[in-house]
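This report concerns only the one structure given below.
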Amino acid sequence: MKKSGLILVILILVSHFKINAQNYNTNEYAFSQNEKLGRGVNIIGYDPIWNDFSKGRMKEKHFKLIKEAGFSNVRVKISPFRFSMDDAYTIDPKFFSTLDWIIKEALKNNLIPIVDFHEHGAMEKDPIGTKPMFLAMWKQIAEHCKDLPNEVLFEIANEPNMKPELWNEIHHEAYKIIRSSNPNRTLIIGTIYGNQINYLKDLELPENDRNIIVAIHYYSPIQFTHQGAPWSTKNKDLSGITWTNTEKEEQDVNRDFDVAQNWSKEHNRPLTLGEFGAYEKADMASRVRWTNYVARQAEARNWSWSYWQFDSDFIVYDIDKDQWNTPIKEALLPIEKKN
């Protein structure tokens, strides 16, 4: 090949790679990633697998079942604080062994895994005190996962329950740490106080980075979704509250979702509904109606979603009985009627 021809090939290749690199940092790419996320479910939140792999409730077959049911993402709840081994917050290698297995099984079944840093309880109690551990652990996780495909997403923190100015400071520091090793990774950043929609207005994101999806959660009306839940102080003694698709009930959901959608359009950022669900103490018919309505309204606005959750509580799958919670599953993934 002549020298001029070689130079031309090199220029074409350089141009191609530049275009590809730029594509990671466009709104189109983030929205495309969000579309691929589609419908999903939260997994392995309270599974003993984290402490002893041999005692894990989640097995290989469950990833296959999730995919075959029609889900396309799994939001993986990680709680690494308890795996700190020293003053430098070095993460115990067994944590990474389990995380690697989860990600491998998800990808093997064409499920997009969201690595969700789920330490909101400890961070809420002491956001400043836990900040060094939070940042040190994200550095390790990001570097450990840096060579994984872009189908693996990072969610910087679940439900950061702290003042907005503090959360904006902390997530920006974590963002810089993650981006240093994962420049093209799609990130998910959520709002404060339970990822509530009303706090979207307070979220400050790096304007020049468009490879970000914004997370919101929805459990409204809380008196319905959390009635009888023992951890919900204001709602643990409530019972018998129904949700029946009344015009007002539907309008309340639409009003909330329109606030989020208007924010999304104004800021040109995709949204994911990272959690929603109604606790078991509500009657099943109401749970089905609410779950179906919320999921369909999210989809109508082109949001991805991840139901809370596969196992433990709010379940869509009963691991002990080895069967789907069919009413909830069909509320999430309606069976299309054939003509």
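Looking only at segment 111-141, residues that are among the aliphatic types (A, V, I, L, M) and farther than 26 Å from F71 by Cβ come to 7 in all. Considering (1) surrounded by fewer than 18 Cβ atoms within 10 Å (Cβ to Cβ); (2) free of Cβ contacts under 8 Å to residues at least 60 places away in the same chain; (3) not hydrophobic (A, V, I, L, M, F, W, C), the lone condition that H171 does not fulfil carries the number (1). Of the residues making up segment 36-55, those that are more than 11 Å from S312 (Cα to Cα) and surrounded by 20 or more Cβ atoms within 10 Å (Cβ to Cβ) number 4. Taking the criterion of being charged (D, E, K, R), modelled with pLDDT of 85 or more and touching a helix residue (DSSP H, G or I) at 6+ places or on another chain (Cβ under 7 Å), would at least one residue in segment 60-79 satisfy it? Yes, segment 60-79 contains a residue that is charged (D, E, K, R), modelled with pLDDT of 85 or more and touching a helix residue (DSSP H, G or I) at 6+ places or on another chain (Cβ under 7 Å). For segment 232-255, a residue qualifies if it is of a type in the set (D, E) and surrounded by 13 or more Cβ atoms within 10 Å (Cβ to Cβ), and the qualifying residues are E249, E250, D252.
Per the listing T130, T98, the residue uniquely out of contact with any strand residue (DSSP E or B) (no Cβ under 7 Å at 6 or more places or on another chain), over 19 Å from Y175 (Cβ atoms) and among the β-branched types (V, I, T) is T98. Screening R269 on (1) within 23 Å of F71 (Cβ to Cβ); (2) surrounded by fewer than 23 Cβ atoms within 10 Å (Cβ to Cβ); (3) in contact with a strand residue (DSSP E or B) (Cβ under 8 Å, 6 or more places away or on another chain) shows it passes everything except condition (1). Is it the case that some residue within segment 123-136 is at pLDDT 95 or above and within 28 Å of S72 (Cα to Cα)? No, there is no match, as no residue in segment 123-136 is at pLDDT 95 or above and within 28 Å of S72 (Cα to Cα).
Residues in segment 318-333: is at least one in a strand (DSSP E or B) and over 19 Å from A229 (Cα atoms)? Within segment 318-333 (the criterion being in a strand (DSSP E or B) and over 19 Å from A229 (Cα atoms)), the answer is yes, since at least one residue qualifies. For I189, the test of being under 24 Å from the mean Cα position of the chain (by Cα), of a type in the set (V, I, T), surrounded by fewer than 22 Cβ atoms within 10 Å (Cβ to Cβ) and within 16 Å of E159 (Cβ to Cβ) is failed.
Taken as a whole, segment 19-29 holds no residue that is in contact with a Phe, Trp or Tyr (Cβ under 9 Å, 6 or more places away or on another chain) and either surrounded by 20 or more Cβ atoms within 10 Å (Cβ to Cβ) or touching a residue at least 60 places away in the same chain (Cβ under 8 Å) (or both).
When N34 is tested against (1) outside any helix (DSSP H, G or I); (2) touching a residue at least 40 places away in the same chain (Cβ under 8 Å), only condition (1) is not met. Within segment 142-153, restricting attention to residues that are within 18 Å of the chain's Cα centre (by Cα) and of a type outside the set (A, V, I, L, M), the residue that is surrounded by the fewest Cβ atoms within 10 Å (Cβ to Cβ) is P149.
Residue-by-condition table, conditions (1) free of Cβ contacts under 8 Å to residues at least 24 places away in the same chain; (2) surrounded by fewer than 13 Cβ atoms within 10 Å (Cβ to Cβ); (3) closer than 30 Å to I319 by Cα:
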position	(1), (2), (3)
R57	no, no, yes
R82	yes, yes, yes
T90	no, no, no
K104	yes, no, yes
P127	no, no, no
Q140	no, no, no
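Under the condition of being among the charged types (D, E, K, R) and either crowded, with 18+ Cβ neighbours inside 10 Å or at positive phi (or both), the residues counted in segment 110-125 number 2. Among the criteria (1) out of contact with any Ser or Thr (no Cβ under 8 Å at 6 or more places or on another chain); (2) of a type outside the set (V, I, T); (3) closer than 12 Å to A106 by Cα, the one R57 does not fulfil is (3). Residues of segment 154-199 that are in a helix (DSSP H, G or I) and of a type in the set (F, W, Y): W167, Y175, Y193, Y199.
The values are calculated or read from the model by the stated rules, or taken from the named source; none is laboratory data. Small disclaimer: the values here were computed from a predicted structure and weren't measured. As a convention, Cβ positions derive from the backbone with ideal geometry for all residues, glycine included, and neighbour counts pool all protein chains shown.
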